[in-house]
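Below is one structure; the comments refer to it alone.
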Amino acid sequence: MPIPLTDVRAQYAPLLDELKARIAGVLDSGHFILGPEVKAFEEEAARFLGAGEAMGVANGTDALVIVLDALGVGPGDEVICPSFTFYATAESVARRGATPVFADIDPVTLNLDPQSVAANVTERTKAILPVHLFGRPLDVAALPDAAPVVEDAAQAFGAAVGDRRVGSLGAAATFSFYPTKNLFGLGDGGLVTTAEAELGERVRLLRFHGSRDKQTFEAVGYNSRLDELQAAALRIFLRHVDEWNAGRRAAAARYAGLGLGEVCELPADEPGHVYHMYVVRTSERERLTAALDQADIGWAAYYTTPLHLQPALAGLGYSEGDLPDTERAARETLALPLWPAITREQQERVVECLRAASSVKAA
Ligand SMILES: *Cc1c(COP(=O)(O)O)cnc(C)c1O
């Protein structure tokens with residue numbers, strides 16, 4: 001039997017009857033856009049996250065663009081972000097006509113290195129945009145106090161620093177509900193959170209064409225809304241996300257217990273890490289992935305060309321060697337199968353496969 005990288009169907013299979021009933025309820029209501037399900041989900045998500053308020057939008061990329069717009073980020077402004085992340089992080093900055101400024105990462109956490117962020121602050125820095133990469137929470141308090149922090153929390157719903165969830169750590173935060181994320185919908189969806197009422201109001205205005213009443217248009221905005229069917233599913237899944245994240249953490253611990261650390265460098269654990277992906281480091285990625293392919297075991301190498309070297313952003317003037325820890329992570333990291341209900345047997349097969357293929361032999 002093949003082992004996939006992740007298995008989203010295994011996650012919602014036990015909830016199918018409930019899902020179908022809720023979807024039927026939306027069909028009965030005839031209300032599909034910005035209705036009671038979205039409103040209820042926004043309130044429940046804000047409470048779960050300990051964030052002041054939450055605004056549903058069409059996807060995680062729109063969430064970033066809209067919140068940067070609401071903060072007034074535009075041409076001439078700089079936004080400091082990582083290069084070792086999904087393209088949308090920096091794309092949203094460029095979409096606003098502003099300049100992404102790439103800071104390097106901490107080689108252990110793979111998250112932004114606060115010292116590198118500090119070194120990149122200028123008088124034009126308008127926002128700092130950290131990513132809680134692969135589900136690992138970044139402590140926003142460690143970042144320089146130079147500009148508002150927008151958390152790109154797309155990969156970290158439910159993650160926490162101490163007793164504070166990501167999504168409540170900065171001036172604002174964004175989430176994606178793309179169907180591989182820790183909290184996911186049955187299609188695209190996104191969320192913005194903030195504790196600043198004025199900013200929240202601005203996001204609400206922008207997501208609907210810059211209008212409060214469909215009559216007067218106060219800003220050039222967007223048509224970017226979470227829909228009722230997605231919100232109905234998300235409300236069900238929100239009640240399970242803590243248990244799913246606990247399952248991910250247990251599976252991560254099991255990999256360590258099975259001796260995976262003998263053949264590659266394991267992700268350093270910390271209590272609030274929710275393992276969106278289980279990402280190890282190895283200097284022999286090609287050899288290991290060839291063996292995984294042979295054994296029908298899923299894997300992924302993410303961000304193999306980091307954003308500062310992407311053709312669309314070549315105009316920023318970065319070149320190879322500018323961000324050494326980012327470039328090394330792009331060469332050495334490898335995501336292995338992990339989802340909340342992955343079994344011990346499946347994980348044993350992954351570890352056995354890697355152990356047999358590795359040139360690093362345990363003493
Ligand atoms: C998934 C993701 C996004 C974009 O979310 P979409 O819903 O696909 O638009 C943004 N940033 C990061 C770090 C992501 O992983």
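Residue separation of GLU43 and ALA197 scaled by 0.36 nm, minus their Cα-Cα distance, works out to 54.0 nm of gained length.
The residues packed around ALA153, meaning those with a beta-carbon under 13 Å from its beta-carbon, carry a net charge of +2 if Lys and Arg are +1 and Asp and Glu are -1.
If R0 is taken as 35 Å, the Cβ-Cβ distance between ARG328 and GLU123 corresponds to a FRET efficiency of 0.65.
Taken over the stretch 241-362, the convex hull of the Cα atoms encloses 133 Å³ per residue. Distance from the C-alpha centroid of the stretch 229-258 to that of the stretch 166-224: 24 Å, rounded to the whole angstrom. For the stretch 88-140, trypsin sites (Lys or Arg not before Pro) meeting the loop criterion (DSSP other than H, G, I, E, B) and having at most 14 other Cβ atoms within 10 Å: ARG124.
Taking packing as the residue-averaged number of other Cβ atoms within 10 angstrom, the listed peptides 53-65, 27-39 run from highest to lowest as 53-65, 27-39. When you count the other C-beta atoms within 10 angstrom of each residue and take the mean per peptide, 82-94, 180-192, 270-282, 310-322 line up highest first as 82-94, 180-192, 270-282, 310-322. With the helix formula -39500 (n - 2.57) applied to DSSP H stretches of n ≥ 4, the chain reaches a computed 222 nm mean residue ellipticity of -11000 deg cm²/dmol.
Remark: spin-label model distance ALA10-ALA268 equals 2.9 nm, labels positioned 7 Å along the Cα→Cβ axis. Summarise the long-distance tail of P(r) for the stretch 146-230 by giving the % of C-alpha pairs beyond 22 Å. So the pairs more than 22 Å apart make up 35 percent of the total in the stretch 146-230. Only lysine pairs 8 or more places apart, or on different chains, with alpha-carbon atoms under 27 angstrom apart are counted in the chain, and they number 4.
Just for the chain, what percent of DSSP beta bridges are antiparallel, to the closest 5? The antiparallel proportion sits near 60 percent. The Cα center of the stretch 334-357 and the Cα center of the stretch 65-138 differ in position by 33 Å. Entry note, the chain: relative contact order of 22 percent, from Cα contacts under 8 Å with a spacing of 6+ residues.
Remark on ILE297: its backbone amide H falls under 5 Å from those of ILE3, a criterion applied only to residues 5 or more positions apart or on other chains, H modelled at 1.01 Å from N. The relative contact order of the stretch 79-152, computed from alpha carbon pairs under 8 Å that lie at least 6 residues apart in sequence, is 33 percent.
For the chain, the convex hull drawn through the C-alpha positions has a volume of 138 cubic angstrom per residue. What does the C-alpha gyration tensor say about the overall shape of the stretch 1-120? Classify as rounded when a/c is under 1.5, otherwise prolate if a/b is larger than b/c, or oblate. Oblate, because a/c is 1.5 or more while a/b does not exceed b/c.
Taken one residue at a time, the phi angles of the stretch 254-270 give Karplus couplings (6.51, -1.76, 1.60, θ = phi - 60°) of 5, 4, 5, x, 7, x, 4, x, 6, 10, 8, 8, 7, x, 5, 7, 7 Hz. Gly and Pro are set to x.
Which residues in the stretch 276-303 have a backbone N closer than 14 Å to a point placed 7 Å from the Cα of ASP106 along the Cα-to-Cβ line? Once the point is set 7 Å along Cα→Cβ of ASP106, nothing inside the stretch 276-303 turns out to lie under 14 Å by backbone N.
Bear in mind these aren't lab numbers, they're just calculated from the coordinates by the rules spelled out. Being a predicted model, the structure only gives us computed values, none of them experimental. Virtual Cβ from ideal backbone geometry, glycine too; neighbours counted across all protein chains shown.
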